[in-house]
Each structure stands twice: as C-alpha cells, then as structure tokens.
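Novice: First the structure, then my questions, so here it is.
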Amino acid sequence: MRSLQLPGLCLVAITLAASTACSTDDVPSAHRGRMFDRTGALALYAGGDGFNGPILEPGTYFTGLYDQVRTVECSTQTEREQLTSLTRDGVQFGVDIYVRYGANCTDDVVTEILKTVPADQPAESARFVSAKKLYGTFVRPALGESIREAFSPHIANDVNDKREAILNDIKSRFVELMKPQEGKPALITIYELNLSNMDYPDELDHANSARAVQAVLKDKAIAEREKVTAETETAEMKKLLAQKEGAAEAAKIDEIGAALRRNPEYLTFDMQQKMPEIYKAAGDKGNMIIAAPGPNILVTPRKP
C-alpha cells in the first residue's frame, strides 16, 4: 500500500511544481517595471539575483516559479498641500499649494527608483512604487523647507505687503531644491506649481478686515467732503453768475432809462403801436368792438 502512495505523492508534487512554475505577472497601464529574480525550495535555492533584464512596458510577463515584476507608477498626478510655517516673530501662516507631477520614467530613472525607493507597503508582497510614494519621499519635504525659509525672515505685519514676493520666493526655492544632483537624473518631473492661497491667523484676519473697513469709511468720508466742496463751489459760482447777470440787467436798464430821458416821446409812440393789438384782443374776449382812437389824441405836442 505504501509503495502505491509514494508514486502518487510524487505525481502530486510534480503537478504542483509544474503549475506554480507557469506563473505570470502584469505591468499595468501608466506603469513601467522590471523583473525581480527570486528563489526558493522548489528552485533548489538557485538564482535569486534581484533585478535583472530590461525595463518592461505595460503587459503580461512570464515569471516562472518565484520571480516577480516590480513596477513604478508613471501617471501624472496632482496633489494639494496645506502647509504652515512660522514668521520671525512666531506667528503661524498657512499656504495652499497645488503640485502637478509625475515620475520621470526613463529606463535609467525606473532602475534607480526600484533600487532606492521602497515599495508602498513594507510587506514582501508589495510590488509597486506609486506616484504618491515618490511625492511623499521627495516633493513634500522640499515644499516644507521652501515655505519655512520663505516665511522665517519676515515678521507677521510685513506679510501683507510682501505676500506676492513671499509666494514667488517659495516657488523659486522649491524649484532649486528639486534640481537633481550633478551626474544623476531627476527622479520626478514637476509640471506645475500653483500657490493658490495664503491663510492668515484669525487675529490677523480680524485686523485686516478692520483695516479694510476703515479704508472704506475713509474713502467714503473723502468722497462726502469732495461732494460738499463741489456743491459749495457750485453755489458760489451760481451766486457770482447771478451777480453778473444782475449787473448786466442793471446796465441794460440804465441804458434804457437814459435813452428814454433823451427821447420821452418814444413811450407814446410805442403805446400807439401796441393799442390796435390790445383792442383786438379785448374784442375777441367780449361782445363789443372797440375802435382805436385817432393818433392825434395820444400824441402830445412837444413844446418848442
């Protein structure tokens, strides 16, 4: 009976070895990878040389009994960071930052990342380095240092006036820190860095709001004062205009009076010219007709 079981057990072992020896592994889209040579008892502990072979493009690959495919995520990612830093006088400010980045997935860089950056999980089964892992390893520390160095020379009251200069300083410092060391490739490509907002402490927010309100009230008071000044000037000009018009009218009256004194008969002549129209209007309003008197009645002979 035992002699019959032994061949059966050997057959099962051979079947299991054959089935496990035909394993495959995938390189997902937006990833690149490399074969990692492993060994074990069924391989009589032969091999196990670690990374070998070319960089693998997305696809499915035969891995054999123990080997694995380790990958690096190459997709473009966007991260939002809310970081804080202290000014020289100990006031804490916050900055909202958006970073668009991705692994620089050339053959040399993928090889370097797989050698130097641990996988996302420390477990033996972890087989990939994600973009977030690269971000946390290289980008976030550089951002934190850039913000600290940009804020630390200033006191809190200067931040309002130097806001744009501080944001530009953060960006330039970060770009400088992300430059690769001489002779080494850049592991991460930074496509875009946007500093979207600066968060002030509550006390400074209240102070800034109060200053803004005072500025609005000041502008309103200035506008009211300018309005009163303009209305006063307009009234003075109207008064001056009335005086000028009165002087012109008085001068006209003086001239007319002097002319009438020189020619008193003109009044009689003017009245005589107007009488027909006066009588006509009176007749249109009533039932009787009034005839104008003869000219010799109204004309007073002038004494020699």
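Values quoted throughout were computed directly from the atomic coordinates according to the rules given, and no laboratory measurement underlies them. On a predicted model such as this, the values are computed, not experimentally measured, just so you know. So basically every Cβ, Gly included, is an ideal-geometry build from the backbone, and we count neighbours across all protein chains shown.
Novice: For segment 128-190, what mean projected area does the convex hull of the alpha carbons give, in nm²?
Specialist: Quarter of the Cα hull surface area: 5.2 nm².
Novice: What are the ³J(HN,Hα) values, in whole Hz, obtained from phi via the Karplus relation 6.51 cos²θ - 1.76 cosθ + 1.60 with θ = phi - 60°, for each residue of segment 134-148 in sequence order, with x given for Gly and Pro?
Specialist: Listing the rounded values in order: 5, 4, x, 7, 10, 7, 4, x, 5, 5, x, 5, 4, 5, 4 Hz.
Novice: Can you give the alpha-carbon Rg of segment 19-72 over 2.2 N^0.38 Å, where N counts its residues?
Specialist: 1.12
Novice: How big is segment 77-200 by the Kirkwood estimate over distinct Cα pairs, in Å?
Specialist: One over the average 1/r among Cα pairs gives 15.8 Å for segment 77-200.
Novice: Specify the inter-centroid distance of segment 83-100 and segment 256-271, based on alpha-carbon positions, in whole Å.
Specialist: Distance between centres, Cα-based: 94 Å.
Novice: Next up: Can you list residues from other chains, or at least 5 along the same chain, whose modelled amide H is less than 5 Å from the amide H of Arg32?
Specialist: Here Val72, Cys74 satisfy the definition.
Novice: Check each of the trypsin sites (Lys or Arg not before Pro) in segment 67-156 and keep only those in coil by DSSP with at most 14 other C-beta atoms within 10 angstrom; list them in order.
Specialist: Listed in order of number, the matching sites are Arg88.
Novice: Now, a different point. Compute, for segment 19-72, the length of the dipole vector about the Cα centre, with Cβ point charges of +1 (Lys, Arg) and -1 (Asp, Glu) only. Units Debye, rounded to 20.
Specialist: In total the dipole reaches around 100 debye.
Novice: Using the number of other C-beta atoms within 10 angstrom as an exposure proxy, rank Val72, Val99 with the fewest first.
Specialist: Fewest-to-most Cβ neighbours within 10 Å comes out as Val99, Val72.
Novice: Once segment 30-142 is represented by equal point scatterers at the alpha-carbon sites, with solvent omitted, what log10 I(q)/I(0) does the Debye formula produce at q = 0.21, 0.23, 0.24 Å⁻¹?
Specialist: The Debye formula, applied to the Cα set alone, gives -1.14, -1.27, -1.34.
Novice: Moving on. Pairs Lys133/Lys179; Lys218/Lys244; Lys218/Lys239; Lys244/Lys274; Lys115/Lys179; Lys238/Lys274: which are spaced more than 28 Å apart, C-alpha to C-alpha?
Specialist: Lys218/Lys244; Lys218/Lys239; Lys244/Lys274; Lys238/Lys274, as the Cα separations exceed 28 Å there.
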